[in-house]
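A quick write-up on the structure given underneath.
The values are calculated or read from the model by the stated rules, or taken from the named source; none is laboratory data. Just so it is clear, the model here is predicted, and its values are computed rather than measured. Positions of Cβ are generated from backbone atoms using ideal geometry, with glycine treated the same way; all protein chains shown enter the neighbour counts.
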Amino acid sequence: MDSLDEFDINIIKELEKDGRMAFSSIAANLKISNTMVHQRINRLMEQGIIGGIKPIIQEKKIGFDWASFTGITLNKDSDSNRIIEELKNIPEITECYYVTGSFTLYIKIVAKNHEHMRKILYEKIDNIPGIAKTDSIIELGCAFKRNIIL
């Protein structure tokens, strides 16, 4: 938080309300110049604090009714970069994390139904050389999801 000041935090809070909000509206709400908002947002994006402004797709609304959180155990952890590149080629995998504990990687998969999920797990993921096993937990719904509160 050292690199964020009160203006940055307030600009981010405005964007949280509506990522499509015009810079001029943010400036008016915060009583600062449009130029300042533009410069601050550019700096936050350059620093990687804001990863981009994009839509949040509600998967269930477009027919992806199933989701799982799947732990992946690798034969050799040193193969993780290659395996991650192969996982990126599976569009139904929406998130991938390095984790500690029983797994090397933890992914989120979205699927249209249980048969689609089975095909992703058994025909796509299990066929990646170097994956020893997967362990999935089916998601029953998201209670909430948010960015860190500043």
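Checking the structure you have, find out if any residue of region 129-145 is farther than 16 Å from CYS96 by Cβ, within 19 Å of the chain's Cα centre (by Cα) and charged (D, E, K, R).
yes
Being β-branched (Val, Ile, Thr) and either surrounded by 14 or more Cβ atoms within 10 Å (Cβ to Cβ) or at pLDDT below 95 (or both) is a description that does not apply to VAL99. Those helices (runs of 4 or more DSSP H) of region 1-98 in which at least 2 residues are of a type in the set (Asp, Glu) and over 30 Å from GLU123 (Cβ atoms), considering only elements entirely within it, cover 6-17. Answer yes or no: is there a residue in region 129-143 that is among the basic types (Lys, Arg) and surrounded by 11 or more Cβ atoms within 10 Å (Cβ to Cβ). Yes, that holds for at least one residue.
In the set (1) closer than 29 Å to LYS13 by Cβ; (2) touching a residue at least 40 places away in the same chain (Cβ under 8 Å); (3) loosely packed, with under 15 Cβ neighbours inside 10 Å, the condition left unmet by LYS108 is number (3).
When ILE137, ILE148 are screened for being closer than 30 Å to SER3 by Cβ and among the hydrophobic types (A, V, I, L, M, F, W, C), only ILE148 passes. Do we find a residue being surrounded by fewer than 17 Cβ atoms within 10 Å (Cβ to Cβ) and either at positive phi or among the aromatic types (Phe, Trp, Tyr) (or both) anywhere in region 71-93? No, that holds for no residue.
Those residues that are of a type in the set (Gly, Ala, Ser), touching a Ser or Thr at 6+ places or on another chain (Cβ under 9 Å) and outside any strand (DSSP E or B), I need them from region 111-150; list them, please.
Across region 111-150, the qualifying residue is only GLY130.
Residues in region 116-150 that are of a type in the set (A, V, I, L, M) and out of contact with any strand residue (DSSP E or B) (no Cβ under 8 Å at 6 or more places or on another chain): ILE128, LEU140, ALA143, ILE148, ILE149, LEU150.
When ILE56 is tested against (1) loosely packed, with under 12 Cβ neighbours inside 10 Å; (2) aliphatic (A, V, I, L, M); (3) at pLDDT 95 or above, only condition (3) is not met. Among the residues of region 12-30, those identified as more than 14 Å from ASN147 (Cα to Cα) and either surrounded by 12 or more Cβ atoms within 10 Å (Cβ to Cβ) or in contact with a His (Cβ under 6 Å, 6 or more places away or on another chain) (or both) are MET21, PHE23, SER24, SER25, ILE26, ALA27, ALA28, ASN29, LEU30. A Cβ distance below 8 Å, combined with a sequence gap of six or more or placement on separate chains, defines the contacts here; from region 71-87, residues that are at pLDDT 95 or above reach residues that are part of a helix (DSSP H, G or I) and not charged (D, E, K, R) in the pairs ILE72/ILE83; ILE72/ILE125; LEU74/SER80; LEU74/ILE83; LEU87/ILE125. Take the conditions at pLDDT 95 or above and within 30 Å of ALA111 (Cβ to Cβ) and apply them to SER24. Does it pass? Considered against the rule, which asks whether it is at pLDDT 95 or above and within 30 Å of ALA111 (Cβ to Cβ), SER24 comes out as no.
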